Amino acid sequence: MFRLEARPQQSRAMMLATPVLAVIATMIGGAILFVLLGKDPVEAIRIIFIDPFFDPFSRSELLVKGAPLVLIAIGLSFGFRAGIWNIGAEGQFIMGAIAGSAVGLAFYGTAGLWLLPLMALAGMLGGAAYAMVPAILKVRFNANEILVSLMLVYVADQFLRAIVSGPLRNPQGFNFPESRLFHDSAVLPILFDGTRVHVGVLAALVAVIVAWFVMERHVIGYNVKLLGAAPRAAGFAGVKQKRLTVLCLAISGGLAGLAGMIEAAGPFGQLVPTLPQGYGFTAIIVAFLGRLNPFGILLAGLVMALTYIGGETAQFRLQLPAAAISTFQGMLLFFLLGFDLFVKYRVRWARKGVA
Amino acid sequence: MSTLLDLTGLRKAYPGVIANDDVSFDIAPGEVHALLGENGAGKSTLVKMIYGLVKPDEGRMVLNGAPYAPTRPGDARALGVSMVFQHFSLFEALTVAENIALGLDEKISPSVLSPRITEVSRTYGLPLDPSRLIGDLSVGERQRVEIVRCLLQNPKLLIMDEPTSVLTPQEVEILFATLRKLSAEGVAILYISHKLEEIRALCDRATILRGGKVVATCTPRDETARSLAEMMIGTTLRSPGARDFRPGADILELRELSLSSASPFGTSLREITLALREGEVLGIAGVAGNGQEELLAALSGEARVQPEMITLDGVALGHMGPNRRRAAGLLAAPEERLGHAAAPDMSLTENTMLSARIRQKLDTSGVLKWTATRAFADAVIKAFDVRTPGNGSAAKSLSGGNLQKFVIGREVMQNPRVLVVNQPTWGVDAAAAASIREALRQLAAEGAAVIVISQDLDELMEMSDTLSILAGGRLSAPRPTGSLTIEEIGQRMGGQTAEEPAHVPA
């Protein structure tokens, strides 16, 4: 028999090892899943995890898909550290995309370097404002932010459909529910010719560095961690709990909104109903896989982007169903949370009856 | 006298703590039996075993001559053992009758139940309307619902966990009349409390628990509040000796400080007035749960009050939060080390930042200075002999005594004008306790003022210049430690002051 024993102190080695273990376990679990689906597991894993590195286009796509994931996950990590569970980043992403696009379309045809920063600001404000709904309901009425933020995702999704069929519909678009293609000043510049890598990737990198500084070197980050670790001690330390709750939701909503604007003004170049691709939910996995640490999130974002790109290839090369890829991503979070047990506990073997 | 319930050698251990050890006593039919002890003495665990919520590790129970080993509360109720909890479990959106129907083991519809509820509540003098919503009832009325629910099952033994902590004096009288009537009908009552005068007024016998063990059994009417307090606390209240004490100028003043407790089961502070002088160590004695936590929160700034209720060096700061008070020089160390004074999973360095950032200037406009913080943490560790591998160790990895030294040291070394500590040596070994007391005395000798809230009277006698007693949220006027007689301390700890006898029905 074995039993679990609490570690006197969290294991740092395990903190670093569990994401790697989780990725390995996901490969094994995924392989079993692919066998059950009648596919060659070795080939499937190779296509998902290895092939993207050998193809220049796939390599650049890692950055394109990783950027929004990292941006959103960085924002979420603030709330998660403080024990505030914003599950509605997808909705804030959509609202940011709408706000940013609306500004871009309002100045349709106007050239100027100021337009993209203005759109980015609108995107952030749109996402942050949408996150204020769960924030205010939580601090005023103690409403559960998990439920409120999650439900608002579906509201945002319907709102996007309504707005691209109505006010923001392309006047020359044969009634298709989508906006005009943005003009040049409203589209993110490409960093490397022949790829889709846009300046939004730099925004994600800046967010990582700023988040690291705030978390490790600034009193706001300290208070966020303290509130999550010991709420009563945070009260003793003078942390204003409600204000910090609102701030955390504003940060996560703002960064999700920025990511939404970047997707609209980057790879899509217009506002379409298919813009939200679940990045807001996948980013939750990224945040935890990255241990809520900014640099960890950067790595985790790339790993998740890999499963998106490799997953797409696997879908058409092996005729894997799309759901299999979602299951695969879900497994990653599942194994990660499972292995996290070993950060706080260690396994001890004991003779039967003694335990 | 026959025996209703007989307990022999009950023991229950949880990881790291023995809640009950070799507990034996018996209860006779119709007897009102008090279970007396401080917070953490093991009262709750014991009654949970009797009510079938917790299984004893060792020992046996006999009810009415038959072995009694309930595995769940339903078993206990079926055999005539009922319990009224301190915290009620009622649905606010349902009526009295609906709530009672839900709580009964047999299924009876609320409409059938209503006349029976009215009958029982009339018989026992507990006015209650079965059709009212729980949400509209006062706390006292909600308790009646719980009591009536128990009475409908014709209990032989009724367990009551601190029933009067939520009641007004008038409601207490009604409750006591009911309990006496039940007792006259042969229902035994196990009455848990630490209010000594109440127990003297109501109970036939008392079993006193300390540290999970039975330390005494007595007849409360033959005892004084003082002697009961002594048995609970476990030390004789020695006549304190006078000490040489020359106070300086006033530093801290409390003016009619009142605070309603944030928790419905807490104690509200009532018009506390106090002047604290340079060089003074004020001891605040009292049985736990009489407003100690609330007083600490009001002084630390975790609870806000009117500005002028607290003034430090003439500046009104009752409305300020913890950090502005720290800047002014009013520091505090709460009782609960893990989770309140320190974050368990954070390192000692990070825990230094927790309360020392303001006064030690460990940040420049929000940017934290970790090198300086580590240096200050090391200074505390060295000066207070905190045994730890280093400043990177998590707070929870330290032993209780070492963490306590760190928590107190962290405040003392910030040179406060006034330091408030709650239970500074709780669970700390003798050597560490002595060094903590010495450090607090030293702080006062250097011109600061110290408030020590403690349940350890010996400690207060040893280290305080003046002594006040906190009972029911009221603080007695400070008197020089040597001038209080043992009788006065004991009586006041039981909730009685010379000017104002406690309101207890005879």
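Observations on the model:
- Check on residue B:270, over 29 Å from residue B:38 (Cα atoms), away from chain A (no Cβ under 14 Å) and assigned to a strand (DSSP E or B): no
- The residues listed here are A:135, A:129; of these, the one that is surrounded by 13 or more Cβ atoms within 10 Å (Cβ to Cβ) and closer than 15 Å to residue A:93 by Cβ is A:129.
- Only one entry in A:82, A:67 is crowded, with 20+ Cβ neighbours inside 10 Å and within 14 Å of another protein chain (Cβ to nearest Cβ), namely A:82.
- Only one of B:374, B:324, B:337 that is within 9 Å of another protein chain (Cβ to nearest Cβ), touching a residue at least 12 places away in the same chain (Cβ under 8 Å) and of a type in the set (Lys, Arg): B:324
- Of all the listed residues (B:393, B:365, B:397), the sole one being touching a residue at least 24 places away in the same chain (Cβ under 8 Å) and either within 11 Å of chain A (Cβ to nearest Cβ) or crowded, with 21+ Cβ neighbours inside 10 Å (or both) is B:393.
- Unmet criterion (only one of (1) over 30 Å from residue A:210 (Cβ atoms); (2) outside any helix (DSSP H, G or I); (3) within 14 Å of chain A (Cβ to nearest Cβ); (4) not β-branched (Val, Ile, Thr)) for residue B:385: (3)
- Condition check for residue B:275: within 12 Å of chain A (Cβ to nearest Cβ), assigned to a strand (DSSP E or B) and either hydroxyl-bearing (Ser, Thr, Tyr) or touching a residue at least 24 places away in the same chain (Cβ under 8 Å) (or both): no
- Extreme residue, surrounded by the fewest Cβ atoms within 10 Å (Cβ to Cβ), among residues of segment A:2-13 that are within 14 Å of chain B (Cβ to nearest Cβ) and hydrophobic (A, V, I, L, M, F, W, C): A:6
- Residue check for residue A:307: surrounded by 23 or more Cβ atoms within 10 Å (Cβ to Cβ) and of a type in the set (Val, Ile, Thr): yes
- Odd one out for residue A:207 among (1) in a helix (DSSP H, G or I); (2) free of Cβ contacts under 8 Å to residues at least 24 places away in the same chain; (3) among the small types (Gly, Ala, Ser): (2)
- If you filter segment B:341-352 down to residues that are surrounded by 24 or more Cβ atoms within 10 Å (Cβ to Cβ) and at the interface with chain A (Cβ under 7 Å from one of its Cβ atoms), you find that the one that is farthest from residue B:413 (Cα to Cα) is B:343.
- When residue B:236 is tested against (1) in a strand (DSSP E or B); (2) at pLDDT below 90, exactly one condition is not met: (1).
- The residues of segment A:122-149 that are touching a Pro at 6+ places or on another chain (Cβ under 9 Å), of a type in the set (A, V, I, L, M, F, W, C) and in contact (Cβ under 8 Å) with a residue 60 or more places away in the chain, listed by number, are A:146, A:148.
- The numbered conditions (1) modelled with pLDDT of 95 or more; (2) more than 22 Å from the chain's Cα centre (by Cα); (3) of a type in the set (A, V, I, L, M) are all true for residue A:168 except (1).
- For residue B:329, the conditions (1) touching a Pro at 6+ places or on another chain (Cβ under 9 Å); (2) facing chain A (nearest Cβ under 9 Å); (3) not polar (S, T, N, Q) all hold with the exception of (2).
- Annotation: of all residues in segment A:189-212 being on the phi < 0 side of the Ramachandran plot and more than 23 Å from the chain's Cα centre (by Cα), the one that is nearest to the other protein chains (Cβ to nearest Cβ) is A:192.
- Answer from B:301, B:318 - the residue that is crowded, with 19+ Cβ neighbours inside 10 Å, more than 30 Å from residue A:344 (Cβ to Cβ) and away from chain A (no Cβ under 13 Å): B:318
- Output for segment B:353-362, where each listed residue is facing another protein chain (nearest Cβ under 8 Å) and either surrounded by fewer than 19 Cβ atoms within 10 Å (Cβ to Cβ) or not aliphatic (A, V, I, L, M) (or both): B:355, B:357
- Considered as a group, the residues in segment B:155-170 that are in contact with a strand residue (DSSP E or B) (Cβ under 9 Å, 6 or more places away or on another chain) and at pLDDT below 90 include one that is surrounded by the most Cβ atoms within 10 Å (Cβ to Cβ), and that residue is B:163.
- Test: residue in segment B:410-417 that is buried (at least 23 other Cβ atoms within 10 Å of the Cβ), in a strand (DSSP E or B) and modelled with pLDDT of 95 or more: no
- Tally, over segment A:264-285, of residues that are closer than 14 Å to residue A:94 by Cβ, surrounded by 24 or more Cβ atoms within 10 Å (Cβ to Cβ) and hydroxyl-bearing (Ser, Thr, Tyr): 1
- The set of residues in segment B:49-72 that are over 21 Å from residue B:179 (Cβ atoms) and either part of a helix (DSSP H, G or I) or among the aliphatic types (A, V, I, L, M) (or both) comprises B:49, B:53, B:54, B:61, B:62, B:66, B:69.
- Residue in segment A:123-141 that is assigned by TED's automatic domain parsing to the domain that holds residue A:257, part of a loop (DSSP other than H, G, I, E, B) and over 20 Å from residue A:277 (Cβ atoms) present: no
- Residue count, segment A:217-227 (criterion: under 14 Å from residue A:77 (Cα atoms) and either among the β-branched types (Val, Ile, Thr) or at pLDDT below 95 (or both)): 2
- A Cβ distance below 8 Å, combined with a sequence gap of six or more or placement on separate chains, defines the contacts here; from segment A:279-292, residues that are within 13 Å of residue A:336 (Cα to Cα) reach residues that are part of a loop (DSSP other than H, G, I, E, B) in the pairs A:284/A:87.
- Residue within segment A:185-195 that is part of a helix (DSSP H, G or I) and among the charged types (D, E, K, R) present: no
- Enumerated helices (runs of 4 or more DSSP H) restricted to segment A:213-263, each holding at least 2 residues that are within 8 Å of chain B (Cβ to nearest Cβ) and surrounded by fewer than 21 Cβ atoms within 10 Å (Cβ to Cβ): A:219-229
The values are calculated or read from the model by the stated rules, or taken from the named source; none is laboratory data. No experiment lies behind these values; they were computed from the predicted model shown. Note: ideal-geometry Cβ built from the backbone for every residue, glycine included; neighbour counts use all protein chains shown.
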